[in-house]
């Protein structure tokens, strides 16, 4: 998959002594030391990573960590002091750090749209005129604009509100208008600067779900700034954690949760609820590679259970005391006809299953869960690994 | 102390000779300006006086009703204007109205662009601020004398003095409105690809509009407060009967003319003022 945005050694310094500050940065000085020496503020330091097309990448960190500063570089609201930042749209490529104002304006009108924390809606415009703002700037006529605006408002469920003013709407609805405005130009890249932080938790959750639904339909590339790890884990295909202007860890949500790079990340993770993020494959005991496609009996470590495999496909499971166990394939819903604590059954699930679903399965049977990858066994999840994952002491054996 | 007073710096003389020089070498410029302005204003006054008073009163009433949808304001407007007709000050009121409207028009046409320019260029505002302070605080009579010399007796020196006095309000309030455009809105405008011109017309000016309108109403009020002084240099209008009343100690006439000024002020202020809870959002 091709990249939509590429950050290449990006430094951002706010102030008038750029050259001196960059020199100090190269000499390994931190933000406070640079501020003291030159009066400049270090916004972003030495950031390099790529955002593949169609992915949601979350920039995470405490306030002042540089996440918003980095986001704003993508559409040139912040000026990059050094490095190169490439934005791709199909075959079209722009280096934001070197392009002229005309190109930057084209980029903002057609390629990169933005959603703001405080919504940034114009109070003197109706909802309809707010959503059509980007199209209007580009010189589209009112009739054509109206059609697109109605369509985008329908997308966010606000088609009945087109003639209202922003302040007549609730916060959640205002941000839906903000979303519709960003969708209106059909820009493939979306910048979202803590878009849901100003909303109450219930509405925030609902908008997160809506965003994920919309993303399934629209398949945009989204850069999302958040200070809430739960939000980041829920939305992000990848997460970049920032501290003092640096990206301290960039990886999948599981990487971040299970292998925090330093104490700062670990502190974030410690306050996170793991059940919505961790997947079976991250916490399971892996089955050795040669057995994944092998045949014969496979004993499960720490349990009195053996499973019979045929080319890696699970055919049966046997308990030392109870005898033959009933295999249940988990496909998203639990069977309702089972008694709780029925130890005569054993679940088989794909190894991308979420920890919260594994908890449901464990609520029915004490037996370990068998995990598969493309139909063949890949791991098992016994009592020990299961409880360790909940207290996040798990260190998966790779 | 003597050394300090021995040789007086000829500050006043410099200004006087500057005026003399201007009057001597550039008098045609000032007389042309004066003639053009006088022509415009007098024709407007002629038109306003020629129209039947009831038509103008009805127009004011309709404007009040249409803009503010308030029967109270409409009733007040109509009744108080009828009172002016009854008192016999209709013609003077129309003369004053014309003067105030043109003074406000010039103030806005010059003041709003100046306010916008100074909001975008802090150095310009640094220069402009003391000048505006000077224009507002220097006693009116002081610059009445040179304008009188340059433009001759009549409505034009009155208009120019009024503009000098009142222009600070729209400049300052436009400047204030533009610089207090919320940063979030500026960023929203920029992030969707505004050109600088689009940013001004689609974001900054609409956002500053309440402030600019406040500048307009203030400008009208300040212009009205100058009508008596304009009368001193020969401008027609409600100032004249006030000055005459002062000279003849005529309490009745002074009170009636003063009341007409107040009525005009209240009507113009209420009609121009935007309701604060209308479409302003947060």
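The values are calculated or read from the model by the stated rules, or taken from the named source; none is laboratory data. Treat the numbers as computed from the prediction; the structure is a model and nothing was measured. Don't worry about glycine lacking a Cβ; one is built from the backbone with ideal geometry, like all the others, and counts go over all protein chains shown.
A few points about this structure:
- Yes/no for residue A:110 being out of contact with any helix residue (DSSP H, G or I) (no Cβ under 7 Å at 6 or more places or on another chain), within 14 Å of another protein chain (Cβ to nearest Cβ) and not in a strand (DSSP E or B): yes
- Meets criteria (assigned to a helix (DSSP H, G or I) and in contact (Cβ under 8 Å) with a residue 60 or more places away in the chain) for residue B:153: no
- Filtered by the rule that a residue be within 19 Å of residue B:197 (Cβ to Cβ) and more than 9 Å from chain B (Cβ to nearest Cβ), region A:121-134 gives A:129, A:132.
- Residue that is modelled with the lowest pLDDT, among those in region A:302-317 that are part of a loop (DSSP other than H, G, I, E, B) and under 14 Å from residue A:367 (Cβ atoms): A:302
- Filter result (touching a helix residue (DSSP H, G or I) at 6+ places or on another chain (Cβ under 9 Å) and assigned to a strand (DSSP E or B)) within region A:89-99: A:89, A:92, A:94
- Scanning region A:153-170 for residues that are closer than 12 Å to residue A:127 by Cβ, surrounded by 15 or more Cβ atoms within 10 Å (Cβ to Cβ) and more than 14 Å from chain B (Cβ to nearest Cβ) returns A:153, A:156, A:158, A:159, A:161, A:162.
- All of A:247, A:265 fail the test of being in contact with a strand residue (DSSP E or B) (Cβ under 9 Å, 6 or more places away or on another chain), surrounded by 18 or more Cβ atoms within 10 Å (Cβ to Cβ) and within 19 Å of residue A:72 (Cα to Cα), apart from A:247.
- Looking at A:260, A:253, just one residue is surrounded by 18 or more Cβ atoms within 10 Å (Cβ to Cβ), free of Cβ contacts under 8 Å to residues at least 24 places away in the same chain, under 19 Å from residue A:227 (Cα atoms) and assigned by TED's automatic domain parsing to the domain that holds residue A:232, and that residue is A:260.
- Every listed requirement among (1) within 13 Å of another protein chain (Cβ to nearest Cβ); (2) assigned to a helix (DSSP H, G or I) is met by residue A:173 save one, (1).
Conditions tested, residue by residue: (1) modelled with pLDDT under 85; (2) more than 21 Å from residue A:355 (Cα to Cα); (3) in contact with a helix residue (DSSP H, G or I) (Cβ under 8 Å, 6 or more places away or on another chain).
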{"site": "A:262", "(1), (2), (3)": "no, yes, no"}
{"site": "A:273", "(1), (2), (3)": "yes, no, yes"}
{"site": "A:279", "(1), (2), (3)": "yes, no, yes"}
{"site": "A:285", "(1), (2), (3)": "yes, no, yes"}
{"site": "A:289", "(1), (2), (3)": "yes, yes, no"}
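- From the options A:118, A:144, residue that is exposed (fewer than 15 other Cβ atoms within 10 Å of the Cβ) and either away from chain B (no Cβ under 11 Å) or in contact with a helix residue (DSSP H, G or I) (Cβ under 8 Å, 6 or more places away or on another chain) (or both): A:144
- Set B:189, B:193: member being within 13 Å of another protein chain (Cβ to nearest Cβ), surrounded by 17 or more Cβ atoms within 10 Å (Cβ to Cβ) and at positive phi: B:193
Conditions (1) loosely packed, with under 12 Cβ neighbours inside 10 Å; (2) at negative phi; (3) over 26 Å from the mean Cα position of the chain (by Cα); (4) in a loop (DSSP other than H, G, I, E, B), marked per residue:
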residue	(1), (2), (3), (4)
B:3	yes, yes, yes, no
B:9	yes, yes, yes, yes
B:16	no, yes, yes, no
B:22	no, yes, no, no
B:34	no, yes, no, no
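- Meets criteria (on the phi < 0 side of the Ramachandran plot, surrounded by fewer than 22 Cβ atoms within 10 Å (Cβ to Cβ) and at pLDDT below 95) for residue A:41: yes
- Residues of region A:90-107 that are under 27 Å from the mean Cα position of the chain (by Cα) and more than 9 Å from chain B (Cβ to nearest Cβ): A:90, A:91, A:92, A:93, A:94, A:95, A:96, A:97.
- A count restricted to region A:59-88 and to residues that are assigned to a strand (DSSP E or B) and under 27 Å from residue A:40 (Cα atoms) stands at 7.
- Residue in region B:180-194 that is part of a helix (DSSP H, G or I), in the same structural domain as residue B:115 (by TED's automatic domain parsing) and in contact (Cβ under 8 Å) with a residue 40 or more places away in the chain present: no
- Applying the criterion of being touching a residue at least 60 places away in the same chain (Cβ under 8 Å), part of a helix (DSSP H, G or I) and surrounded by 22 or more Cβ atoms within 10 Å (Cβ to Cβ) to the residues of region B:86-96, the residue that is farthest from the chain's Cα centre (by Cα) is B:92.
- Spans of helices (runs of 4 or more DSSP H) in region B:201-282 with at least 3 residues more than 14 Å from every other protein chain (Cβ to nearest Cβ) and more than 19 Å from the chain's Cα centre (by Cα): B:239-248, B:251-272
- Single residue of region A:74-88 satisfying the filter (within 12 Å of another protein chain (Cβ to nearest Cβ) and in contact (Cβ under 8 Å) with a residue 40 or more places away in the chain) that is farthest from residue A:110 (Cα to Cα): A:78
- Set B:73, B:83: member being part of a helix (DSSP H, G or I), at pLDDT 85 or above and farther than 23 Å from residue B:104 by Cβ: B:83
Table: residues versus (1) without any contact (Cβ under 8 Å) to a residue 40 or more places away in the chain; (2) within 35 Å of the chain's Cα centre (by Cα); (3) more than 30 Å from residue A:238 (Cβ to Cβ).
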position: A:279; (1), (2), (3): no, yes, no
position: A:301; (1), (2), (3): no, yes, yes
position: A:308; (1), (2), (3): yes, no, yes
position: A:317; (1), (2), (3): no, no, yes
position: A:342; (1), (2), (3): yes, no, yes
position: A:349; (1), (2), (3): no, yes, no
position: A:352; (1), (2), (3): no, yes, no
position: A:370; (1), (2), (3): no, yes, no
